[in-house]
1. Condition (residue is assigned by TED's automatic domain parsing to the domain that holds B:GLU30 and hydroxyl-bearing (Ser, Thr, Tyr)) applied to segment B:197-211: is it met by at least one residue?
2. Going by the structure shown, is A:VAL204 within 14 Å of chain B (Cβ to nearest Cβ) and of a type in the set (Val, Ile, Thr)?
3. So how many residues does segment B:176-202 have that are buried (at least 19 other Cβ atoms within 10 Å of the Cβ) and among the charged types (D, E, K, R)?
4. Scan A:LEU109, A:LEU89 and give me the residue that is in a helix (DSSP H, G or I), more than 16 Å from ligand 1 (Cβ to nearest atom), touching a helix residue (DSSP H, G or I) at 6+ places or on another chain (Cβ under 9 Å) and more than 14 Å from every other protein chain (Cβ to nearest Cβ).
5. List pairs: first in segment A:130-156 and in contact (Cβ under 8 Å) with a residue 60 or more places away in the chain, second outside any helix (DSSP H, G or I), Cβ under 7 Å, 6+ apart or cross-chain?
6. Kindly list the number of the only condition in (1) within 16 Å of ligand 1 (Cβ to nearest atom); (2) more than 20 Å from B:ARG329 (Cα to Cα); (3) surrounded by fewer than 18 Cβ atoms within 10 Å (Cβ to Cβ) that fails for B:ASP209.
7. Residues of segment B:189-206 being more than 14 Å from chain A (Cβ to nearest Cβ) and within 16 Å of ligand 1 (Cβ to nearest atom), which ones?
Amino acid sequence: MATARDSTRTAIAAHAVLILYTLIALFPVFVIVINSFKTRRAIFREPLALPDADSFSLVGYETVLRQGDFFLYFQNSMIVTVASLFFILLFGAMAAFALAEYRFRFNTLMGLYLALGIMIPIRIGTVAILEMMVGTGLVNTLWALILVYTAQGLPLAVFILSAFMKGVSDDLKNAGRIDGLSEYKIFFRLVLPLVRPAMATVAVFNMIPIWNDLWFPLILAPAEETKTLTLGSQVFIGQFVTDWNAVLSALSLAILPVMALYVVFSRQLIRGITSGAVK
Amino acid sequence: MTALRLEHVDKSFGQVKVLHDISLTVEDGEFVVFVGPSGCGKSTLLRVIAGLEDATAGRVSIAGEEVTHVPPAKRGIAMVFQTYALYPHLSVRDNMALGLKQEGAPRATVEAQVAKASHMLSLDDYLKRRPAELSGGQRQRVAIGRAIVRDPKLFLFDEPLSNLDAALRMNTRVEIAALHRTLSASMIYVTHDQIEAMTLADKIVVLRDGRIEQVGAPMDLYNDPANRFVAGFLGSPAMNFLERSVAGLPEGVTLGIRPEYLRPAPTGRIGGTVTHVERLGSDTNLLVETSQGERLTLRMFGQDQTPVGAPVTLDWDDADAFFFDATGRRLTGADQPSVPAA
Ligand SMILES: Nc1ncnc2c1ncn2[C@@H]1O[C@H](COP(=O)(O)OP(=O)(O)OP(=O)(O)O)[C@@H](O)[C@H]1O
Ligand SMILES: [Mg+2]
């Protein structure tokens, strides 16, 4: 009896903490979204009030949609993020598999070398990257961003995934070898499904910084047709006047695709955890 | 025909040599068990046979063909792993069928083979389930089924029962023995459980530190061990080894005597005190500390009322005693010392 009541009490306490944390985390998002539906005056007078009949306005969204190629920016951001994640996961998983599975000279050294990138921020190399992109004619293409983000994401991906792959049962891989599966099939059909939670983690870790990045789009792909959403939104932030309606609306819209991606990955995460490996 | 021939096989991992000059043959239809303590290289040897590890030196031939450099799938072997190693995302049926499908066998053959194996192992009701939905024993049967389906020239088992509980282990052991009779296939079975080794094997290979200590039929090894290691490894409770407790034993020589060959006797050659009694119903084990401070076990059939702390004197028949020199080698024939009766 006592233990049952205790466990209810701990559950309530845990939920209270989690709910409080959720509220704190969601509060800024909430403020952005409600203010994006208000007139400029209402935003400044009562920033925390919900939009009512008086203060409701879609002017921000109208500005955003009128402002040229907002959908193009959207599309660019989406392409860059999804393609970068795809390459990070693919190459990261392949490198991790090689490091975890095969014995070869300099295996450990290679692992350390790949992990070095975690500690050195890629922005230090911006000038060299820009020179390289100019040299290869990739400036103002989405490929420039995809390549840079892939390079930026790989070290952590290799590090996390190789740790997980070392945990995949050797017997399972050997059973596959005896059944005549090629190393590629063993990688794609046996190992990848089992490290799906780790892949989802890596994807979520990498997604947000890529989506929000302003630095590389500004330097490598500032042209109109390659602008990303974050860069495109900057037109509303001026040195002297800022169109807050438009900024808030753009931000509200920018949340949607990341949320969609997050839902996809988190479902993978949960499915991976619940299906589990079979001993 | 020989099912397997190993010639001077060595295996090293970097600087560490784990298999030393292993030569061995397995005849067609033979059930061979590798036993040895943990880390002695049993699994490594099995993996060399399977082709999952390359031998550093030496030759491996299966069913008369040299396969030293042939990949595992083309060696005509099937393997059952300790951890079952079933494909978690495939149904039981697909788990069993995968190997044949990869070989490109016709659909009808695959179906027939899967049906045969699942019938043999009473898995018919579970064919559509995923491995996660099976019990440990069922999973191990699926793993065995997966091996049967491929109709291999040689079965390899790596401690297949060690994740099962005691009752299930006994059942599955009997099942594997029955399977061996039905299929009359050649099998190699790795275990560190000497009961499995004694009950299943036509031939036991005792390994220690990557070397073969002795090869022979279970009763030959039991009755005629080549050295102290084999004598101590087979048999439960293990053989008693005495150096000091017996008067008249030459310096450096050890007397080995199995627990069931010791008996209480009023004028025995060993004196001591009972320190513990294990009553199993059918047997009674007495743990005795001799007056020279060595410990030994005495096994009596039936039930016995000797209390803890009682003084005992023990004796044995000279024909049942083994003698080993300081290096552990068995002393036979004229080399055997004689121990005078008390
Ligand atoms: N991949 C490897 N790299 C280096 N050493 C290894 C490797 N695999 C096995 N070993 C070593 O080889 C020796 C034999 O290992 P093996 O797994 O064959 O033992 P085993 O007899 O099967 O033991 P157990 O009964 O515990 O399964 C051990 O000392 C082990 O540390
Ligand atoms: Mg082993």
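The values are calculated or read from the model by the stated rules, or taken from the named source; none is laboratory data. Source: prediction; values computed, not measured. Counting neighbours? That spans all protein chains shown, and the Cβs are built from the backbone with ideal geometry, glycine included.
1. Narrowing segment B:197-211 to residues assigned by TED's automatic domain parsing to the domain that holds B:GLU30: B:197-211.
If we keep only those that are hydroxyl-bearing (Ser, Thr, Tyr) too, we end up with B:199.
Scanning segment B:197-211, I find at least one residue that is assigned by TED's automatic domain parsing to the domain that holds B:GLU30 and hydroxyl-bearing (Ser, Thr, Tyr), so the answer is yes.
2. It is false that A:VAL204 is within 14 Å of chain B (Cβ to nearest Cβ) and of a type in the set (Val, Ile, Thr).
3. So the answer is 1.
4. On the way: A:LEU109 fails: touching a helix residue (DSSP H, G or I) at 6+ places or on another chain (Cβ under 9 Å).
Answer to the selection: A:LEU89.
5. From residues that are in contact (Cβ under 8 Å) with a residue 60 or more places away in the chain, the pairs are A:MET133/A:VAL139; A:ASN140/A:ALA221; A:ASN140/A:ALA223; A:THR141/A:ALA221; A:LEU142/A:ALA221; A:ALA144/A:LEU138; A:ALA144/A:ALA221; A:LEU145/A:ALA221.
6. (2) is the only condition that B:ASP209 fails.
7. Result: B:TYR189, B:THR191, B:HIS192, B:ASP193, B:GLN194, B:ILE195, B:GLU196, B:ALA197, B:ILE204, B:VAL205, B:VAL206.
Residue-wise test of (1) within 16 Å of ligand 2 (Cβ to nearest atom); (2) under 30 Å from B:ALA238 (Cα atoms); (3) not assigned by TED's automatic domain parsing to the domain that holds B:ASP94.
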site	(1), (2), (3)
B:ALA105	no, no, no
B:ALA112	no, no, no
B:ALA132	no, no, no
B:ALA143	yes, no, no
B:LEU154	no, no, no
B:PHE157	yes, yes, no
B:MET170	no, yes, no
B:ALA177	no, yes, no
B:ASP193	yes, yes, no
